1. Could you check how many residues of region 189-203 are in a loop (DSSP other than H, G, I, E, B) and not aromatic (Phe, Trp, Tyr)?
2. So, in region 29-43, exactly how many residues are open to solvent by less than 60 Å² (accessible area, probe 1.4 Å), within 60 Å of the chain's Cα centre (by Cα) and free of Cβ contacts under 8 Å to residues at least 24 places away in the same chain?
3. Pairs needed: first member in region 270-285, farther than 17 Å from Glu242 by Cα; second member anywhere, at pLDDT 85 or above and hydrophobic (A, V, I, L, M, F, W, C); C-beta distance under 9 Å; at least 6 residues apart or different chains.
4. Do you know which residues across region 164-205 are within 12 Å of the ligand (Cβ to nearest atom) and either open to solvent by 40 Å² or more (accessible area, probe 1.4 Å) or without any contact (Cβ under 8 Å) to a residue 60 or more places away in the chain (or both)?
5. Look through region 285-294, keep the residues that are within 10 Å of the ligand (Cβ to nearest atom) and of a type outside the set (A, V, I, L, M), and return whichever of them is surrounded by the fewest Cβ atoms within 10 Å (Cβ to Cβ).
6. I need the full set of residues from region 225-248 which are within 16 Å of the ligand (Cβ to nearest atom) and in contact (Cβ under 8 Å) with a residue 60 or more places away in the chain, in order please.
7. Report, by residue number, each residue of region 109-118 that is among the β-branched types (Val, Ile, Thr) and either open to solvent by less than 40 Å² (accessible area, probe 1.4 Å) or within 25 Å of Phe255 (Cβ to Cβ) (or both).
Amino acid sequence: MNINEALEALEREGMEALDALSRSEELPVWYRAFLGRKGRLTDVLRALGKLSTEERPAAGKKGNEVKIALENAFNDRQEAIREAELQAALSSDAVDVTLPGRPVKPGHLHLSTRTLRRVREIFGEMGFQVYEAPEVETDENNFELLNIPAYHPARDMWDTFWVDDQVVLRTHTSPGQIRCMRERHPEPIRVILPGKCYRYEQITPRSEHQFYQVEGLAVGHNIRLTDLIGTMQQFAEKMYGEGRQMRIRGSYFPFTEPSVEVDMDCMLCKGEGCRVCKHTGWLEVAGAGMVHPVVLRNGGYDPDEWSGFAFGMGVERPAMLQHGIEDIRYFYGNDLRFLRQF
Ligand code: PHE
């Protein structure tokens, strides 16, 4: 076969092979085989050297023409394949605007928020306003004016995050009592003070360094311990169901006198005794008592004319009991597997 025929055969085969290509990955393979440095055209042209000087120019010219023809054909094919692939991609990725949208999963309120809202609602029905007080408090409001001077051993009941010498993250919602009384005196008061509190505590399944409390404060004429008990009883029934048993135990807080602890019959075992109530049949719901005369005076009320009750209840703890949650840390862990259950 002479060079001319070889070149013609090469051109024909090259064109045919090019026509058979359909995917862009195949393009470089073809290029290497026919036009590459070690490709078939190079092979054929190498034979030019063996030709006589008369034959060489014509064969060389022919070789060049074949090369250009194949290159042009390659470029056209390459463009055609890419265009086809682009069209295919566009049509398969096409957005069908008539399809129904993917549903957006709505979130819901956190268990603490829901519990708090229920507490607000119940006290709202009983005529209690909501009084908001700051989470960052002075030592004076958090301790001193609540009858807990610096030397008082009762300070040990509340380990504190200090901001500076005089400022703390409140350890309970009780300092709000002082703010509220100082603002409202000499008017009677009936408020709840819900909010977050902080204690410098070891974090365990039962205690977090942040948690919610709802404080209650009623100041008026002739307010008695029985008013406190009745209020607690009514709250417990609305919150946890009719016919709840309640019990009052003597306790100690520097800002109430007398001070009590309010327990309710365990809602899980109905007083039978279970793991949650440590087999006592009773659950602590609040610390409470009659507002201490010193505190009344600090708030601007004359204790000879005014009396009042106060209580402070946890929010997470009762929610834990109600839903059988065994670890308080879940409330702040932000694990959706937990949160979605409520
Ligand atoms: N502040 C108390 C506590 O954090 C609870 C309490 C509030 C007790 C009001 C009596 C009156 O434990």
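The values are calculated or read from the model by the stated rules, or taken from the named source; none is laboratory data. These figures come from a predicted structure and were not determined experimentally. Counting neighbours? That spans all protein chains shown, and the Cβs are built from the backbone with ideal geometry, glycine included. The area values use the complete protein model at the heavy-atom level, side chains included, leaving out ligands, DNA and RNA. Shrake-Rupley method; radii C 1.70, N 1.55, O 1.52, S 1.80 Å.
1. First, pick out the residues of region 189-203 that are in a loop (DSSP other than H, G, I, E, B): 199-203.
Going one step further and asking which of them are not aromatic (Phe, Trp, Tyr), we end up with 199, 201-203.
The total comes to 4.
2. At the first step, the residues of region 29-43 found to be open to solvent by less than 60 Å² (accessible area, probe 1.4 Å) are 30, 33-36, 39, 41-42.
Checking the rest, the ones that are also within 60 Å of the chain's Cα centre (by Cα) come to 30, 33, 36.
Of the ones still in play, those that are also free of Cβ contacts under 8 Å to residues at least 24 places away in the same chain are 33, 36.
The total comes to 2.
3. Glu284/Val262; Glu284/Met264
4. Arg170, Thr171, Pro175, Gly176, Arg199 - these are the residues of region 164-205 that are within 12 Å of the ligand (Cβ to nearest atom) and either open to solvent by 40 Å² or more (accessible area, probe 1.4 Å) or without any contact (Cβ under 8 Å) to a residue 60 or more places away in the chain (or both).
5. Filtering region 285-294 down to residues within 10 Å of the ligand (Cβ to nearest atom) leaves 286-292.
Within this subset, residues satisfying the condition of being of a type outside the set (A, V, I, L, M) are 287, 289, 292.
Working: Gly287: 23, Gly289: 24, His292: 21.
Here the residue is His292.
6. If the condition is that a residue be within 16 Å of the ligand (Cβ to nearest atom) and in contact (Cβ under 8 Å) with a residue 60 or more places away in the chain, then Leu225, Asp227, Leu228, Thr231, Met232, Phe235 are the ones that fit.
7. Going through region 109-118, the residues among the β-branched types (Val, Ile, Thr) turn out to be 113, 115.
Of everything in region 109-118, just one residue is among the β-branched types (Val, Ile, Thr) and either open to solvent by less than 40 Å² (accessible area, probe 1.4 Å) or within 25 Å of Phe255 (Cβ to Cβ) (or both), namely Thr115.
Yes or no, residue by residue, for (1) loosely packed, with under 12 Cβ neighbours inside 10 Å; (2) within 35 Å of the chain's Cα centre (by Cα); (3) at pLDDT 95 or above; (4) not in a helix (DSSP H, G or I):
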{"residue": "Lys62", "(1), (2), (3), (4)": "no, no, no, no"}
{"residue": "Ala73", "(1), (2), (3), (4)": "no, no, no, no"}
{"residue": "Gln78", "(1), (2), (3), (4)": "no, no, no, no"}
{"residue": "Val95", "(1), (2), (3), (4)": "yes, yes, no, yes"}
{"residue": "Pro100", "(1), (2), (3), (4)": "yes, yes, no, yes"}
{"residue": "Pro103", "(1), (2), (3), (4)": "yes, yes, no, yes"}
{"residue": "Gly107", "(1), (2), (3), (4)": "yes, yes, no, yes"}
{"residue": "Arg120", "(1), (2), (3), (4)": "no, yes, yes, no"}
{"residue": "Ala133", "(1), (2), (3), (4)": "no, yes, yes, yes"}
